[in-house]
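This report refers to the structure that appears directly beneath it.
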Amino acid sequence: MCSLKKYLAEFLGTMILVVLACGTAVAVGCDAANGSGYLLTALAFGLVIVAMAYSIGNVSGCHINPAVSIAMLVSGKLSFKDFVGYVIAQFAGGIAGAAILGVLFGWDCGFGANNVNPGIAQSILIEVILTFVFVFAILGVTSKIKNSAVSGIVIGLSLTLVHILGIALTGTSVNPARSFGPALFTGGEALSCVWVFILAPLLGGVLAALVYGFLAGKQTEE
């Protein structure tokens with residue numbers, strides 16, 4: 001598969017994730033006190049992943065998340081060259097998606113940006129844990145070819161799961177590209193603290209890859 005096509009797929013997938021999932025957060029509200037909006041936002045993130053997994057999964061693997069890409073790099077399933085290409089495409093997609101939200105909802109819409117209301121240290125810990133769970137599930141369900149028919153559904157539900165807990169805490173990132181685009185256009189504290197939502201998910205992805213690699217060992221795909 002041509003690398004350019006894979007990078008384009010990652011760009012489009014990440015852009016669509018931000019438009020539809022962060023857009024849902026903007027449209028319905030996703031604070032813990034707003035129960036229906038909270039659940040709709042969590043479902044939107046999961047459902048976008050399901051849709052993208054079955055549309056671009058055969059092109060790029062549908063990472064659309066630098067934390068997933070770094071886990072695949074550590075696991076030996078992605079070359080360093082493709083890792084760099086994927087991450088650039090993902091961040092570009094996140095920025096493009098947020099720009100579309102600005103056009104649709106106005107440039108003061110909040111963009112579904114993340115927050116560090118629990119505090120910097122707590123936010124880092126939360127995002128590492130949530131990303132670990134999400135990426136750990138991805139590594140497990142994609143480890144065997146026979147799971148390919150259901151892997152998109154499992155991954156989407158896993159993302160929904162971590163959002164159900166995380167929205168009330170940090171807004172749930174688990175994806176540096178998803179966080180950077182909205183923070184860039186929101187500015188202020190969202191932009192000054194976006195490093196938390198870049199660093200912590202990457203750490204969570206690496207940790208998931210190392211732990212899964214230790215547990216699974218050299219098992220072959222079936």
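Every number in this text was worked out from the coordinates using simple rules, so none of it is lab data. Not measured: the values here are computed from a predicted model. Heads up, the Cβs are rebuilt from the backbone with ideal geometry, glycines too, and the neighbour counts pull from every protein chain shown.
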Could you tell me the convex hull volume per residue, in Å³, taken over the Cα atoms of the chain?
104 Å³
Take every Cα pair under 8 Å in the chain that's 6+ residues apart, average their separations, divide by the length, and report that relative contact order as a whole percent.
30 percent
Cut-off is 10 Å between beta-carbons; in what order do 145, 70, 164 appear when sorted fewest neighbours first?
145, 164, 70
Using every Cα-Cα pair within region 1-105, state what percent have a distance larger than 22 Å.
33 percent
Here the FRET efficiency for residue 120 versus residue 149, based on Cβ atoms and R0 = 25 Å and rounded to 0.05, is 0.05
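Pulled fully out, how much extra length does the chain show between residue 211 and residue 77, if you take 0.36 nm times their separation in residues and subtract their Cα-Cα distance?
Numbers: separation 134, 0.36 × 134 = 48.24 nm, distance 1.54 nm.
Length gained between residue 211 and residue 77: 46.7 nm.
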Listed residues 103, 145, 195: farthest to the positive end of the dipole of region 3-216 (Cβ charges)
145
Looking only at 150, 87, 135, which one moves most when the chain is put into a Gaussian network model with springs between Cα atoms under 10 Å?
150
What is the angle, in °, between the Cα long axis of helix 194-216 and the longest principal axis of the Cα atoms in the chain? Nearest 10 is fine, range 0 to 90.
20 degrees
Just to confirm my numbers, what's the Cα centroid distance between region 159-216 and region 57-71 in Å?
15 Å
For region 45-56, in order, what is each residue's ³J(HN,Hα) by Karplus, 6.51 cos²θ - 1.76 cosθ + 1.60 with θ = phi - 60°, in whole Hz (x at glycine and Pro)?
4, x, 5, 5, 4, 4, 4, 6, 4, 8, 10, 10
Only helical DSSP H runs with n ≥ 4 go in: add -39500 (n - 2.57) per run for the chain, normalise by residue count and round the 222 nm mean residue ellipticity to 500 deg cm²/dmol.
-24500 deg cm²/dmol
To the nearest 20 Debye, how big is the dipole of the chain about its Cα centre, given +1 on the beta carbon of each Lys and Arg and -1 on that of each Asp and Glu?
560 debye
Which order do peptides 72-78, 198-204 fall in by mean Cβ count within 10 Å, highest first?
198-204, 72-78
Counting other beta carbons within 10 Å of each Cβ, put 108, 82 in order, fewest first.
108, 82
Pairs of lysine residues in the chain - Cα separation under 17 Å, sequence separation of 8 or more or cross-chain
6
